[in-house]
Structure formats: C-alpha cells, structure tokens
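Notes for the one structure printed next.
The values are calculated or read from the model by the stated rules, or taken from the named source; none is laboratory data. These numbers come from a predicted model, not from an experiment. Counting neighbours? That spans all protein chains shown, and the Cβs are built from the backbone with ideal geometry, glycine included.
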Amino acid sequence: MSTQTMTTFTSMIKDGRYSRGYDYRVLVKNAPVGLGRAWEFDLRCESISYPSQNIETTQDNIRPGPIRDHAFGVNYGSVSGTFLDGDQLELKRFFEDWQRTVFDPESFKVNYYNDYVADLEISHFKMHDSQSETVTQKPVYQVLLKEVFPKTVNQLEVGTSNGDFLRVSVEFQYHHWTKII
C-alpha cells in the first residue's frame, strides 16, 4: 500500500468519513388501527438489517456457447431486528398486539392484508461534521419498507442467572422497499 493511500485512509477515519453502524433510527409509520401512534425505536433498537434485494434469474440455454442467466423478477428477504424492552415489556406487547391484527387468536381466521400492514423507515445518519466540529443528525441513507408486518416474534428467554437486558427479536416481512435518500 502506498504512503499516499495510507494517508488518505487515515485522514478519512479521522474526519469521520466512514459510516458507523450505530448511527441509525427505526420508525414504524402508519401503524395498524388499535396500535396507536407511530413508534420510534431510536435507542431501543439494538440492531436491525437493511433490506436485501435478489434478482431472480433463469438460464438461457437456447443459444450456443456458455449459458447465460437472464433476469425475470425481483424478490426480497425478511428483515430482522432486536429491541431492548422496558420494565413493562411494552415492546413485546406491541409486536404481539400487532400480530393479533393479522389473525384472530380465537378463531385463527386471518384478517385483511391492508388492516395489518404498516411502513417501516430505517434511516442512517452522519453524526459528525468534521468541518465545523459540530454534531449533526442528517440522514444520508434512508429506506422505507412497504407493507410490513411482524412475521415472527421470537421467544423471550428469562432466568435467574440472566442479569442482562431483555431483548425482543422480530422478523419483519414486507412486500417491497424504496430508497428515500
């Protein structure tokens, strides 16, 4: 590695020009009826994944020569998040209540799709401006997951030997996502 490259690299680190994994916000928008206001999980979201995108392909073996893959569609994987819960387990309750908008727990009948989906916004911030030495909160990358619902609320493990914070892990299913910024 040349001296020039190493100097540039260390300068970028010093100036805060690399993204940090902890500068993000998660917001549930347009929550289903009965769940109340929009939920913002600034400090409670311990981790979350940005959505993936997979181009579906099929092999074209009609022509002579090596086989080519041709795109024919797109699909998206689920997004997982881990949240620190409060002393009243309000997030566990929130996600379970949201799941109850998907189905009736007595009859097990599934409700209408539009009655249980919401939007989930994930924003990544640049927190430091090296030019002015001030801390700012400007989003640099923002995605909106459309038609989201909590597919899985994982078990919550408790025990006498566990003195750690309780964490609620959720797998979100969604139809598609768009990049806002």
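Worth pointing out:
- Lone qualifier among L89, L156, L120 - being surrounded by 15 or more Cβ atoms within 10 Å (Cβ to Cβ) and not hydroxyl-bearing (S, T, Y): L120
- Inter-residue pairs, beta-carbon under 8 Å, first at positive phi and in segment 2-31, second at pLDDT 75 or above, 6+ apart: G16/K126; N30/A118; N30/D119
- Residue within segment 92-100 that is touching an Asp or Glu at 6+ places or on another chain (Cβ under 7 Å) and part of a loop (DSSP other than H, G, I, E, B) present: no
- Within segment 108-117, the set of residues being surrounded by 13 or more Cβ atoms within 10 Å (Cβ to Cβ) and of a type outside the set (V, I, T) comprises N111, Y116.
- Boolean, G73 is at pLDDT below 90, within 23 Å of V143 (Cβ to Cβ) and either part of a strand (DSSP E or B) or in contact with a His (Cβ under 6 Å, 6 or more places away or on another chain) (or both): no
- Screening H175 with (1) modelled with pLDDT of 90 or more; (2) over 26 Å from D85 (Cβ atoms); (3) crowded, with 16+ Cβ neighbours inside 10 Å gives one miss only, at (3).
- Against the conditions (1) of a type in the set (S, T, Y); (2) over 23 Å from T178 (Cα atoms); (3) at pLDDT 80 or above, T8 satisfies every one except (3).
- Of all residues in segment 32-53, those satisfying the criterion of being at pLDDT below 85, assigned to a loop (DSSP other than H, G, I, E, B) and either within 16 Å of the chain's Cα centre (by Cα) or not basic (K, R) (or both) are V33, G34, L35, G36, A38, F41, D42, L43, R44.
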